[in-house]
Structures are given as C-alpha cells and as structure tokens.
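Some notes on the structure that comes next.
The values are calculated or read from the model by the stated rules, or taken from the named source; none is laboratory data. As the structure is a prediction and not an experimental result, all values here were calculated from the model. Positions of Cβ are backbone-derived with ideal geometry, glycine not excepted, and every protein chain shown enters the neighbour counts. For the accessible areas, the whole protein counts, side chains as well, though only heavy atoms, and no ligand, DNA or RNA atoms are used. Shrake-Rupley method; radii C 1.70, N 1.55, O 1.52, S 1.80 Å.
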Amino acid sequence: MSEPSFTLVQLRYFEAAARHLSMTAAAKELVVSQSAVSTAIAQLEKEMGVQFLLRHHARGLSLTTAGEAFYKRVLDFLAHGAELVETARQSGTELVGTLTVGCFATLAPFRLPLLLAEFETRHPRVHVSLREGEHHALKTALRSGETELALLYGYDLDDDIDREVVGTAAPYALVAEDHRLARRKSRKVSLRDLADEPMVLLDLPHSREYLQSILSDAGVEPRVRHRSSGYETVRALVAYGHGFALLNQRPPAETTYSGARAVPLTLTDDVPSLKIVVASMRGARLTRRAQEFRELCRARYSK
C-alpha cells in the first residue's frame, strides 16, 4: 500500500478553510479562487481516504471528528515547516517573520511596551502581533494556534499548557485621596480596616474570585457597590469616593483618567501574590522568535 501524497498548498488551503469554516473566507485570505480551495481540499480528502469537512449549503463548513484531529496536526506541521525554512535561511543571521503573543488585558499596559521595545531593538525584522484578552480567551488562542505564547496570571491553567513563572504581582488596596486611610503616613492598611467600606470590584473572570477571596480569607465580607471589567474605570470610581478596590498592577501615577487621584495602600496582611507566567502549549516546538521572546521575559519582566 502506497503512502498518501499531499502538498503543502493543500494543507495551507485546508488550514485556512478549517479556521474560517468557510471556503469563501479562505479563498479571500489566500487570494485564490474559491474553486481552487475546494478542489485542493477535495484532493486532500481523496488522497487520505477521510472526510475532514462537511459542506452545508449557505451555512459554511464544519469539521468532522477526523477533521478536528487533523487540523491540530496540520497547525503543528505548518509551524514546524515554517521553522525549518527559517532555520535554513537564518542560520547565523537575524530573525525575521511574525510572532503572535497574547497578554492578559490588565497586564498589557504595564509590561508589554517595555518588552516590545527591547525585543524590536534586538530583532528589528520580527513583527510582533498582539492579542489582548481575558484568561479563557488567551487559553483558547494558545490551543487554536492563534498565539504561540501568552503572558498571563498563573491560575486555572490546565495540564496541556506549559507555564514558566517570570514575576509576581502583590495585591494592594486603593482608596480616594480624601479617604481617612489615605492620610496615614505609612501608606499601609490591614484588610480589617476595610471591613465596613463599600468595594469597587474589578469584575473579570477569575480576577473577581481571587480579589474577593483575599477579603474572605481575612474574615472580611466585601460589600460590593460597583463592578467593572475596566481597570481604569475601577480606579476612577475609587478616586471619586465610590469605595475601595483591591488590585495587583500598580501604575506609577496616582491620577486617574477622570483627573482625580486614587491612593495605593500596602497591605499589612500576609496575602499571596499572583504569579505571572509565560504560557505555551505543552509539547509544542516553539519557533526561535518565541524562544527569544520568552527569554526576554525571563530576563526583564520582573525588573
């Protein structure tokens, strides 16, 4: 029995169609005719003896079970193929190409600008494409191959995701400039000092549970007055006296977008810091671009 024969073009066409679940969208991205995509995929399925895609009239495509498994393999195969070409072309030379990096939304403005500036200085011919999002979206992006790496907090990561701790983020309290606790010279506060205060909660998945657990572990039942998924919205609400907040990322300036000031207070309680990690898919062979970015995170992130 002869080995199946396929081409890289067929695999690329299949990958695009499977990602978009649309022959039309795949053809538009690849700048070819829709019939070229359809024919290439049909030939691939015939050669393999397996149907990968189900065609639905006027409703696009869906992957069969075999198609889902094959799609994951194709992503890995194409990534390795690109790495092979890159290695051959760049042995002893500078890196080129595109690197897609994910980052948790509240981490991005604090850490990405410095990392990107240094990475682009080191590797000016590498284009870094960014994807910001919350925790679940970044895990999905890693699994789908949309991002090679993600910078995020180290909670709720499943066994199929590798992670390396590159820093920590200690929680702190935030109050308005005219708040009684802001007048303390030490700028320190215990969680019990906040027991009777209303709270403005950063309402992001996992973040909210973590922040509320800090208070409950100290025997404080938070009275949430306002919720917001926006980091700067939380700071502005605090600055105008709507309550205190607990946050992890601390900006260098106390002035909020609203113009009012929010004062950070160090917690005297023994509260665990959040781990910040660089994550990638377990078993995935990272490109040299991704390896270099991860190395930069190791060297610079915690500084």
Phi to ³J(HN,Hα) by Karplus 6.51 cos²θ - 1.76 cosθ + 1.60 over the range 157-167, Hz, x for Gly, Pro: 10, 7, 5, 7, 10, 7, 8, 10, 6, 10, x
Given the protein chains as shown and a 1.4 Å probe, how many square angstrom of His206 are accessible, to the nearest 10? 70 Å²
Hey, what number do you get for the chain at 222 nm if only DSSP H runs of n ≥ 4 count, each worth -39500 (n - 2.57), divided across all residues, to the nearest 500? -12500 deg cm²/dmol
Kindly sort Glu177, Glu45 by accessible area of their heavy atoms, largest first, with the probe set to 1.4 Å. Glu177, Glu45
For His226, net neighbour charge (Lys/Arg +1, Asp/Glu -1) across residues whose Cβ lies under 14 Å away: +2
Around Val166, which amide H atoms from residues at least 5 apart in sequence, or from another chain, sit under 5 Å from its own amide H, with H modelled in the peptide plane? Ile276, Val277, Val278
Per residue, the convex hull volume that the Cα atoms of the range 64-205 enclose (Å³): 177 Å³
Accessible area per residue of the range 152-277 at 1.4 Å probe, in Å²? 49 Å²
Roughly how much of Met48 is accessible, in Å² to the nearest 10, using a 1.4 Å probe? 50 Å²
Take every DSSP beta bridge whose two residues both sit in the range 32-175, then give the antiparallel share in percent to the nearest 5. 25 percent
Arg227's amide H: which non-local residues (gap 5+, or another chain) put their own amide H closer than 5 Å, with H modeled 1.01 Å from N in plane and none for Pro or chain starts? Leu201
Averaging 1/r across every pair of distinct alpha carbons in the chain and inverting yields a Kirkwood hydrodynamic radius, in angstrom, of 22.3 Å
Just Arg131, Arg180, Arg12 to compare: in a GNM of the chain, with alpha carbon springs under 10 Å, which one fluctuates most? Arg180
Quick one: of the DSSP bridges fully inside the chain, what percent are antiparallel, nearest 5? 55 percent
What list of ³J(HN,Hα) couplings, whole Hz, do you get for the range 9-16 from phi and the Karplus terms 6.51, -1.76, 1.60, once you set θ to phi - 60° and write x for glycine and proline? 4, 4, 5, 5, 5, 5, 4, 5
As an exercise, use a Förster radius of 22 Å and the Cβ-Cβ distance of Asp217 and Phe110 to find the FRET efficiency, rounded to the nearest 0.05. 0.30
Would you mind checking the tilt of helix 34-48 against the longest principal axis of the Cα atoms of the chain, expressed as 0 to 90 degrees and rounded to 10? 80 degrees
From the phi angles alone, apply the Karplus equation (6.51, -1.76, 1.60; θ = phi - 60°) to the range 174-185 and give each ³J(HN,Hα) in whole Hz, x where the residue is Gly or Pro. 10, 9, 5, 4, 8, 5, 4, 6, 6, 7, 5, 5
Between the helical axis of 135-144 and the dominant principal axis of the chain, each derived from Cα atoms, what acute angle in degrees is found, rounded to the nearest 10? 20 degrees
What residues have an amide H closer than 5 Å to that of Gly97, excluding those fewer than 5 places away on the same chain, when H is modeled at 1.01 Å from N in the peptide plane? His127
Helix 288-300: angle to the longest alpha-carbon principal axis of the chain, degrees 0 to 90, nearest 10? 10 degrees
So, R0 is 25 Å and r is the distance between the beta-carbons of Gln43 and Glu68; what FRET efficiency does that work out to, to 0.05? 0.80
